[in-house]
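K.L.:
A single structure is presented below for examination.
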Amino acid sequence: MSSAFVREGEYQHLQDVTPNLSALLLYLRRENGGPVREVKSYHSEKHGREVFEMSDGLTYALNENNQWVILLH
């Protein structure tokens with residue numbers, strides 16, 4: 001998304017999104033310009049936390065600071 005079309009103060013970073021799934025889905029909808037849905041969620045032994053695979057092709061989780069991050073496989 002081009003920052004030229006975003007009003008000052010509207011842009012939000014992923015780590016600033018409220019740490020709940022509804023807020024993540026709203027953020028992803030705005031960022032992707034359309035609906036994004038949860039495909040699968042599960043506890044990952046590798047990452048030691050709950051992870052969420054989304055229809056945008058990325059996997060998200062909350063880090064130790066309770067901030068959303070994208071997990072790389």
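The values are calculated or read from the model by the stated rules, or taken from the named source; none is laboratory data. These numbers come from a predicted model, not from an experiment. So basically every Cβ, Gly included, is an ideal-geometry build from the backbone, and we count neighbours across all protein chains shown.
K.L.:
Which of the residues belonging to the stretch 54-73 are closer than 15 Å to residue 42 by Cβ and touching a Ser or Thr at 6+ places or on another chain (Cβ under 9 Å)?
P.N.:
59, 61, 71, 73
K.L.:
For the stretch 7-19, state whether one or more residues are modelled with pLDDT under 95 and of a type in the set (Lys, Arg).
P.N.:
Yes.
K.L.:
Out of the residues in the stretch 42-73 that are out of contact with any strand residue (DSSP E or B) (no Cβ under 8 Å at 6 or more places or on another chain) and more than 15 Å from residue 18 (Cα to Cα), state the one that is surrounded by the most Cβ atoms within 10 Å (Cβ to Cβ).
P.N.:
56
K.L.:
Check whether at least one residue in the stretch 19-29 is of a type in the set (D, E, K, R), under 13 Å from the mean Cα position of the chain (by Cα), more than 17 Å from residue 73 (Cβ to Cβ) and assigned to a helix (DSSP H, G or I), and report yes or no.
P.N.:
Yes, because at least one residue in the stretch 19-29 is of a type in the set (D, E, K, R), under 13 Å from the mean Cα position of the chain (by Cα), more than 17 Å from residue 73 (Cβ to Cβ) and assigned to a helix (DSSP H, G or I).
K.L.:
Moving to a separate point now. Looking at the stretch 36-67 only, could you name the residues that are closer than 24 Å to residue 11 by Cα and at pLDDT below 95?
P.N.:
Listed by number, the list is empty, since nothing qualifies.
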